[in-house]
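Derivation of every value follows stated rules applied to the coordinates shown; laboratory data play no part. This is a predicted model, so every value here is computed, not measured. Glycine also receives a Cβ, built like all others from the backbone with ideal geometry; neighbour counts cover every protein chain displayed.
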Protein chains: 2
Amino acid sequence: MTTITAQTRVCGILGHPVGHSLSPVLHNVAFAARGLPFAYVAHDVRPEDLPAAIAGARALGYRGLSVTIPHKVAAMACVDEVDPTARGIGCINTVVNTKGRLRGHNSDGLGALGALRAAGVDPAGHRVVVLGSGGAARAIAMTLALEAPPAKLSVLGVVPEELAILVSDLTARGRAPVEGLAFDEATLGAALAGAELLLNCTPVGMHPKTDASPVPARYLRRNLSVLDAVYNPRRTQLLKDAAATGATVVEGLEMFLGQAVVQFELFTGEPAPVEVMRQVLEANL
Amino acid sequence: MTTITAQTRVCGILGHPVGHSLSPVLHNVAFAARGLPFAYVAHDVRPEDLPAAIAGARALGYRGLSVTIPHKVAAMACVDEVDPTARGIGCINTVVNTKGRLRGHNSDGLGALGALRAAGVDPAGHRVVVLGSGGAARAIAMTLALEAPPAKLSVLGVVPEELAILVSDLTARGRAPVEGLAFDEATLGAALAGAELLLNCTPVGMHPKTDASPVPARYLRRNLSVLDAVYNPRRTQLLKDAAATGATVVEGLEMFLGQAVVQFELFTGEPAPVEVMRQVLEANL
């Protein structure tokens, strides 16, 4: 990477723990690839220190922050303004400092949307099924409902209260018709029969139970595109089954890459070097 | 330099302005030369933001800070404890964070002391003349009085109140006999006649008035070693005149280098790569 000088703008990630984050390598390689005078460091911040850490980043003149577990919700109260999509999601994973004013964003859903579009799949105006109602599902479903409204958005969940809140929030804030459905096989089959895009936001299929899939293979077909938020393994059982039908599939790695691309562009105002960043992830995930 | 990862420990400099500081390049090159997982960034911090910046550096888990103009005095109130020499000097230029506890140090005088010793000149037990009573004079005189007490320490100044305070502080805290003298040519000549070491802590001789010297050449001699805190130009008129007598001379660059060496070792606990750091300064000053 380029040597840091006194003109270098500083960005960082706040997490706890943070020692295994790929974000520093990913962003620093990307800054260097674009020849930008930026550096990106990692900070392990305890929850009780988060307000001082964010106030400190402002006082120190950080250009931007990534915010990760367990700080995504609490960080929202530490910034001056929150992007409407992030407000709808209910948490932020990005802070941009413009002349001392901090604005919170959430790039997780935008990362998924960017990955879908890069694969030639635009959710807008189509029928979309989301599996799960946790943090990833919230980020993706709310982003779609606000930024690329599907013709119909069906959310299948196994935690009734969480599902009800998500559906209520999507209905109140989004621009798409939404339905919440209990996640059982019959409901899943019926929902998928009319859908063009399936988004797995559950952890099913993640290492080490890599032969599990949230969807029986018989419900998959060529004209049902599939994104899996799971990125370990890159090619989950769900994606293998979907790809076997000839469907377009989007790996979780592309979603992870997509959220970092959004952050890079918020921090620098420059287009991200996507191929370089993908290579870093492929080498490290 | 080495790519920053999530394990990289972060250090930084706080100043205002800070855009021309050489410290980031100096320390980053030194970290890389030692293969240490450290990075050093620069932060332009307004005076009103200093407390939040230092509290933030603690919350963010910074390993260390350099502190420069205009923050050296105010920073002392923002740390948990202050090294006795720094307390005597009255300001800090270094903060070390050990498990959330911040300790302030002042490496300016130690840098000068290290540079003298590296040149084979030990002030301890010898007669020393200091020219000036400002910040550099305070740092060097107090450090000598505490850490390498001269047989006699004569301080010549042109600002009577400032000189009186310095002499009073040195007398109260130090371990050397101290005298304060009005800086005129007769006094200077008399003081130098009995001295073995002369330390110029005035700006006389600094660019652009490079043919000025605080000491007429006739007072210089082979057995009067000379350190000049001025580092632009590296070889001041004073040092040229002293070197012409065969005296040992120590350039301001070595003092600047010395304070960075002290900081490096406080931050990392490892011996500094002095030659590598000297080359960076020579290439950039």
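Mean separation of Cα pairs under 8 Å and 6+ residues apart, divided by the residue count of chain B: what relative contact order is that in percent? Let's see the in-between values first.
Working: 604 pairs, mean separation 45.9, N = 285.
For chain B, the relative contact order is 16 percent.
Hey, what's the per residue convex hull volume over the C-alpha atoms of segment A:192-285, in cubic angstrom?
Values: hull volume 10.4 nm³, N = 94.
Once divided by residue count, the hull of segment A:192-285 is 111 Å³.
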Practice problem: Relative to the compact-globule scaling 2.2 N^0.38 Å, provide the ratio for the alpha-carbon radius of gyration of segment A:222-274. | Solution: 1.36
Practice problem: Could you work out the Kirkwood radius for segment A:109-250, taking every pair of different alpha carbons, averaging 1/r and inverting it, reported in Å? | Solution: 14.6
Quiz item: To the nearest 10 degrees, how steeply does helix B:252-268 sit against the main Cα axis of chain B, on a 0 to 90 scale?
Solution: 30
Self-check item: Karplus-derived 3J(HN,Hα), 6.51/-1.76/1.60, for each residue of segment A:160-171, Hz, glycine and proline x
Solution: x, 5, 4, 4, 5, 5, 4, 5, 4, 5, 5, 5
Quiz item: Amide H to amide H, which residues 5 or more places from A:Val41 or on other chains are under 5 Å from it, using H placed in the peptide plane?
Solution: A:Cys11, A:Gly12, A:Ile13
Quiz item: Residues of segment B:207-223 with amide nitrogen under 17 Å from the 7 Å Cα-to-Cβ point of B:Val158?
Solution: B:207-217
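Rounded to the nearest whole Å³, what is the per residue volume of the convex hull around the Cα atoms of chain B? Kindly include the intermediate steps, with their values, before the conclusion.
Working: hull volume 35.5 nm³, N = 285.
Given the Cα convex hull of chain B, per-residue volume reads 125 Å³.
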Self-check item: For A:Ala119, label point 7 Å along C-beta direction: distances to other copies, nm
Solution: 6.8
Quiz item: Using θ = phi - 60° and the Karplus form 6.51 cos²θ - 1.76 cosθ + 1.60, what ³J(HN,Hα) does each residue of segment A:69-78 get, whole Hz, x for Gly and Pro?
Solution: 3, x, 9, 5, 7, 5, 4, 4, 7, 9
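Cα-Cα pairs above 43 Å in the protein assembly as shown: how many percent?
36
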Exercise. For chain B, find the longest principal axis of its Cα atoms and tell me its angle to the long axis of helix B:50-59, 0 to 90°, nearest 10.
Key: 50
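Restricting to segment B:94-163, what percent of DSSP beta bridges are antiparallel, rounded to 5?
Here the antiparallel bridges make up roughly 50 percent for segment B:94-163.
Evaluate Rg over Rh across segment A:1-89, taking Cα atoms for both radii and Kirkwood's formula for Rh.
Numbers: Rg = 13.6 Å, Rh = 13.9 Å.
Value, to two decimals: 0.98.
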Quiz item: With respect to the symmetry axis carrying chain B onto chain A, which residue of chain B exhibits the smallest Cβ distance to that axis, and what is the value in whole Å?
Solution: B:Gly56, 0
Quiz item: If you count the DSSP beta bridges with both ends in chain A, what percent of them are antiparallel, to the nearest 5?
Solution: 20
Quiz item: Amide H neighbours of B:Arg175 under 5 Å, counting only residues 5+ apart in sequence or on other chains, H built in-plane at 1.01 Å?
Solution: B:Leu146
Quiz item: What spacing in nm lies between the two simple spin-label points modelled at B:Arg218 and A:Leu181, each 7 Å away from Cα in the Cβ direction?
Solution: 10.4
Exercise. Provide the per-residue ³J(HN,Hα) series for segment B:129-139, in order, calculated from phi with Karplus coefficients 6.51, -1.76, 1.60 and θ = phi - 60°, each as a whole number of Hz, with x at glycine and proline positions.
Key: 10, 10, 9, x, 9, x, x, 5, 4, 4, 4
Quiz item: Over the protein assembly as shown, what is the percentage of antiparallel beta bridges among all DSSP beta bridges, to the nearest 5?
Solution: 20
